[in-house]
Amino acid sequence: MYILSERVYELDGRGPIIMGEYLRKENFTDGFESQLKKELNNQEAVPAMMKME
């Protein structure tokens with residue numbers, strides 16, 4: 001099965017993420033997400049600001 005992924009780079013947090021995935025209709029199941037999308041999109045974001053004490 002081949003998956004075409006639409007990737008973007010979040011400059012203020014997680015870095016590379018998957019915005020959309022495209023695959024053949026016969027391979028699609030409800031709620032499909034590739035393993036790569038799960039790994040990239042579930043990363044914790046780096047804080048944009050840090051408090052200095």
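The values are calculated or read from the model by the stated rules, or taken from the named source; none is laboratory data. Just so it is clear, the structure is predicted and the values come from calculations on it, not from any experiment. When we count neighbours, we look across all protein chains shown, and the Cβ atoms used for this are built from the backbone with ideal geometry, even at glycine. Remember, those area values only see protein heavy atoms, side chains included, never the ligands or the DNA or RNA. Shrake-Rupley method; radii C 1.70, N 1.55, O 1.52, S 1.80 Å.
At-a-glance table
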read-out	value
Index of the failed condition, Asp12 passing every other in (1) open to solvent by less than 60 Å² (accessible area, probe 1.4 Å); (2) at pLDDT below 90	(1)
Flag for Arg14 being free of Cβ contacts under 8 Å to residues at least 24 places away in the same chain and basic (Lys, Arg)	no
Enumeration of residues in the stretch 1-11 that are in contact with a strand residue (DSSP E or B) (Cβ under 7 Å, 6 or more places away or on another chain) and either part of a loop (DSSP other than H, G, I, E, B) or in contact (Cβ under 8 Å) with a residue 40 or more places away in the chain (or both)	Ile3
Output for the stretch 17-53, where each listed residue is touching a residue at least 24 places away in the same chain (Cβ under 8 Å) and among the β-branched types (Val, Ile, Thr)	Ile17, Val46
Selection count where residues are open to solvent by less than 80 Å² (accessible area, probe 1.4 Å), closer than 13 Å to Ser5 by Cα and in a loop (DSSP other than H, G, I, E, B), scope the stretch 21-32	2
